[in-house]
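The values are calculated or read from the model by the stated rules, or taken from the named source; none is laboratory data. As the structure is a prediction and not an experimental result, all values here were calculated from the model. Cβ placement follows ideal geometry from the backbone for every residue including glycine, while neighbour counts extend to all protein chains displayed.
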Amino acid sequence: MKIGCPTEIKPQEFRVGMTPDAAREAVAHGHEVIIQVGAGIGAGFTDEDYRAAGATMIETAEDIFATADMIVKVKEPQAVERKMLREGQLLFTYLHLAPDPEQTKDLLESGCTAIAYETVTDSRGGLPLLAPMSEVAGRLAPQVGAWTLQKANGGRGVLMGGVPGVAPAKVVVIGGGVVGTHAAKIAAGMGADVTVLDRSLPRLKYLDDVFGGTFKNQYSTAGATAELVREADMVIGAVLIPGAEAPKLVSRAQLSEMKPGAALVDVAIDQGGCFETSRATTHADPIYEVDGIMHYCVANMPGAVARTSTQALGNATLPFLLNLADKGWKQACEDDPHLLNGLNVHAGQLTYYAVGKALGIDVISPSLALKS
Ligand SMILES: NC(=O)c1ccc[n+]([C@@H]2O[C@H](COP(=O)([O-])OP(=O)(O)OC[C@H]3O[C@@H](n4cnc5c(N)ncnc54)[C@H](O)[C@@H]3O)[C@@H](O)[C@H]2O)c1
């Protein structure tokens, strides 16, 4: 198969769909890999790295889209890219179609087959191609929160680990899923006094068994949250109710009870945020203040560490990518129902129910698409 990887063109996107390592593996499987010149620069991979891996460097996205059998990307195709997709071409990337009628319409019109990273599943009910970005955002949260806490950035001037004789920062993590667990691990590693709140008892049991000595956990009620938030130097928002907007768990009124200069890091901002006063910010201007409390609410946190994020995403996508290339999408999806769950669009028809429901478009079952 001819696998093409264009440069990402969405503003502020520095990741790339294939690492040189992924290219090397695909070439070793007998495939031809074409990468756009400069595609890896934002993530720290040079054209020479890709050439050494056996890939061919192509000057323009047009040439990649025109000749590749499969396009591998990170972000959803932008309008100009969607115009270049063609019938029978396979697209493997994040799509997030439900809130995006324009993109959905264009993909349907293109006749391509699109497999969305975010809906591929695994045998434990997880989302293996979404989890790496949650791991990155989670581990980044205490790092950006610690920076926000510094005096020059408007923060309280508290050091995460304290020093001998001075207490460490108190960090509260609301939501103990992938983001929350990774955030708590790093905050505890920095020496902070960390408590994780969650509403799932099985999750709390897991956290207690695995991290009992590293950080505390508590059942998430409004009362427990209010008490912990009042005492906190940093609160990390990491809740998710699948398919729904994030619940608002800290109100504006509660800010006045918090320590002045405390930091709120709302990782759940991409689902609307879990603090009443959250609004999405960018890496260029990440923090703002409300009632003396500093807010960090960047919606695409992994972009700050594009190299790590690219490698983490590449590790997760590679086995699927190789299967798709080796077997063709139909056989690969027939052999792996979790990959089939990633199928969103095929030959002008939607194949993912939640997207169809959100956009009011008819859907055919993915297994029917396999037979077409
Ligand atoms: N800003 C970014 O760049 C970025 C990057 C990755 C993920 N995210 C977002 O981070 C959020 C968390 O993602 P995740 O992968 O950790 O999800 P997850 O499903 O692994 O974890 C969410 C956790 O929240 C818990 N929860 C739900 N309601 C709660 C409540 N009221 N109180 C306490 N806990 C509650 C759930 O029980 C679950 O354990 C999502 O909104 C995700 O989209 C943002």
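Exactly one residue out of 356, 314, 360 is in contact with a Leu (Cβ under 6 Å, 6 or more places away or on another chain) and more than 16 Å from the ligand (Cβ to nearest atom), and it is 356. Scanning the stretch 141-200 for residues that are part of a strand (DSSP E or B), β-branched (Val, Ile, Thr) and out of contact with any Lys or Arg (no Cβ under 8 Å at 6 or more places or on another chain) gives 163, 166, 171, 172, 173, 174. Taken as a whole, the stretch 119-128 holds at least one residue that is under 27 Å from residue 359 (Cβ atoms), part of a loop (DSSP other than H, G, I, E, B) and polar (S, T, N, Q). Of note, residue 134 does not satisfy the criterion of being out of contact with any strand residue (DSSP E or B) (no Cβ under 9 Å at 6 or more places or on another chain), among the hydroxyl-bearing types (Ser, Thr, Tyr) and in a loop (DSSP other than H, G, I, E, B).
Here residue 33 clears all of (1) under 19 Å from residue 319 (Cα atoms); (2) part of a loop (DSSP other than H, G, I, E, B); (3) among the hydrophobic types (A, V, I, L, M, F, W, C) except the condition numbered (2). Scanning the stretch 340-372 for residues that are closer than 17 Å to residue 86 by Cα and in contact with a Gly (Cβ under 6 Å, 6 or more places away or on another chain) yields 347, 348, 350. Here residue 366 meets the list (1) in contact with a Ser or Thr (Cβ under 6 Å, 6 or more places away or on another chain); (2) within 21 Å of residue 5 (Cα to Cα) almost entirely, failing just condition (2). Counting only helices (runs of 4 or more DSSP H) that sit wholly inside the stretch 262-372, those with at least 1 residues that are among the hydrophobic types (A, V, I, L, M, F, W, C), loosely packed, with under 15 Cβ neighbours inside 10 Å and free of Cβ contacts under 8 Å to residues at least 60 places away in the same chain are 366-371. Count of the stretch 112-144 residues, restricted to those that are farther than 30 Å from residue 69 by Cβ, small (Gly, Ala, Ser) and within 9 Å of the ligand (Cβ to nearest atom), is 4.
One line per residue, one yes/no per condition, for (1) among the small types (Gly, Ala, Ser); (2) more than 30 Å from residue 322 (Cβ to Cβ):
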| position | (1), (2) |
| --- | --- |
| 111 | yes, no |
| 115 | no, no |
| 125 | yes, no |
| 144 | no, yes |
| 149 | no, yes |
| 156 | no, yes |
| 169 | yes, yes |
| 184 | yes, yes |
| 214 | no, yes |
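Looking only at residues in the stretch 36-56 that are buried (at least 17 other Cβ atoms within 10 Å of the Cβ) and more than 17 Å from residue 318 (Cβ to Cβ), the one that is farthest from the chain's Cα centre (by Cα) is 47.
Here is a yes/no grid of residues against (1) touching a helix residue (DSSP H, G or I) at 6+ places or on another chain (Cβ under 9 Å); (2) β-branched (Val, Ile, Thr):
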site: 115; (1), (2): yes, yes
site: 132; (1), (2): yes, no
site: 141; (1), (2): yes, no
site: 150; (1), (2): no, no
site: 153; (1), (2): yes, no
site: 175; (1), (2): yes, no
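How many residues are over 27 Å from the mean Cα position of the chain (by Cα) and either surrounded by 14 or more Cβ atoms within 10 Å (Cβ to Cβ) or in a helix (DSSP H, G or I) (or both) if we restrict to the stretch 203-234? Number satisfying all stated conditions: 8.
Conditions tested, residue by residue: (1) more than 16 Å from the ligand (Cβ to nearest atom); (2) modelled with pLDDT of 95 or more; (3) of a type in the set (Val, Ile, Thr); (4) under 20 Å from residue 101 (Cα atoms).
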| position | (1), (2), (3), (4) |
| --- | --- |
| 267 | no, yes, yes, no |
| 305 | no, yes, yes, no |
| 332 | yes, yes, no, no |
| 343 | yes, yes, no, yes |
| 346 | yes, yes, no, yes |
| 351 | yes, yes, yes, yes |
| 364 | yes, yes, yes, yes |
| 369 | yes, yes, no, no |
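Selection within the stretch 95-153: residues that are under 19 Å from the mean Cα position of the chain (by Cα) and of a type in the set (Asp, Glu). The member of this set that is nearest to residue 77 (Cα to Cα) is 100.
Of all residues in the stretch 145-158, one or more are within 15 Å of the ligand (Cβ to nearest atom) and either modelled with pLDDT of 95 or more or among the charged types (D, E, K, R) (or both).
In the set 186, 174, only one residue is within 16 Å of the ligand (Cβ to nearest atom) and surrounded by fewer than 24 Cβ atoms within 10 Å (Cβ to Cβ); that residue is 186. The numbered conditions (1) free of Cβ contacts under 8 Å to residues at least 60 places away in the same chain; (2) in contact with a Ser or Thr (Cβ under 9 Å, 6 or more places away or on another chain); (3) within 13 Å of the ligand (Cβ to nearest atom); (4) among the aromatic types (Phe, Trp, Tyr) are all true for residue 219 except (2).
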